[in-house]
Amino acid sequence: QVHPHHTPLHPSHPSRGLRTASRTASPPHGCPRLLLTRVTTPVPQLRPWVGEVEQRAAASPDSTEILFEVQQGYWRSRHVLVKERLRLSLEAALASGGGAPDEQLRRCCGLGLRACAAEHTLYAAFFAVSGAAGARSAGMLAAQLDAIVYPLYDSLRPLVLQQASLEPLCEMVQVVHGEVLQEGVRRSAECAALEGMLERLLQAQRVVAQP
């Protein structure tokens with residue numbers, strides 16, 4: 001039952017503005033292609049409506065479906081905007097940066113960590129990431145962040161596989177395990193979604209290193 005003071009929820013309501021906001025959020029000036037996404041001006045108008053849907057979703061199947069559709073629309077827009085730009089940024093980092101393989105890997109992981117943290121921050125501006133509402137959508141958030149930043153794995157796996165000696169592989173393992181996982185991902189809730197991807201990269205490194 002709809003509360004008399006609540007605005008009726010409809011799929012064409014502010015969710016359209018949310019999709020537009022998620023499409024137009026852009027990297028700050030001076031950081032081309034780094035995808036350090038900023039929170040945009042529609043947030044104050046849209047967040048109260050999204051919060052109301054999240055509250056109703058706890059008890060209403062209809063509201064649960066609306067919330068799911070809004071989140072799916074948001075993530076579709078973010079995938080379109082972010083994934084290709086991140087892929088191009090990673091390609092540029094590998095092609096023009098030079099340096100040893102571990103340095104290339106470190107640069108690319110830095111791009112991935114910043115992109116993941118920025119997307120988590122933007123999502124948290126629109127949707128709950130804590131409490132009961134956050135717990136209900138935690139699985140979707142982790143899966144979508146993993147998918148958005150997956151170009152990082154696609155870019156780094158060939159770099160790992162082309163190493164012909166153990167020394168650069170060992171150095172790359174140290175970067176992923178000792179720096180990126182321990183110092184970056186596991187100390188940052190915003191980047192936790194990268195842990196599984198980096199573990200897969202470590203496994204690829206171990207396979208290549210086997211005699």
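Here the condition is being among the acidic types (Asp, Glu) and farther than 26 Å from GLU179 by Cα; of GLU52, GLU119, GLU91, GLU103, it holds for GLU52 alone. Residues in segment 78-97 that are at pLDDT below 90 and open to solvent by 80 Å² or more (accessible area, probe 1.4 Å): ALA95, SER96.
Of all residues in segment 157-181, those that are under 12 Å from ARG106 (Cα atoms) have Cβ atoms under 8 Å from Cβ atoms of residues that are modelled with pLDDT of 90 or more and open to solvent by 70 Å² or more (accessible area, probe 1.4 Å), 6 or more apart or on another chain, in VAL175/ARG106; GLU179/ARG106; VAL180/ARG106. In segment 57-69, of all residues being in contact (Cβ under 8 Å) with a residue 12 or more places away in the chain and aliphatic (A, V, I, L, M), the one that is surrounded by the fewest Cβ atoms within 10 Å (Cβ to Cβ) corresponds to ALA58. Within segment 37-56, residues that are within 10 Å of PHE126 (Cα to Cα) and outside any helix (DSSP H, G or I) have Cβ atoms under 8 Å from residues that are at pLDDT 80 or above and not small (Gly, Ala, Ser) in these pairs: VAL39/THR121; VAL39/LEU122, counting only partners at least 6 apart in sequence or on another chain. Going residue by residue through segment 56-71, is there one that turns out to be touching a Leu at 6+ places or on another chain (Cβ under 8 Å) and closer than 19 Å to LEU181 by Cβ? For segment 56-71, residues touching a Leu at 6+ places or on another chain (Cβ under 8 Å) and closer than 19 Å to LEU181 by Cβ: absent.
The values are calculated or read from the model by the stated rules, or taken from the named source; none is laboratory data. Just so it is clear, the model here is predicted, and its values are computed rather than measured. Cβ atoms come from the backbone with ideal geometry, glycine included; neighbour counts cover every protein chain shown. Accessible surface areas use protein heavy atoms only, side chains included; no ligands, DNA or RNA. Shrake-Rupley method; radii C 1.70, N 1.55, O 1.52, S 1.80 Å.
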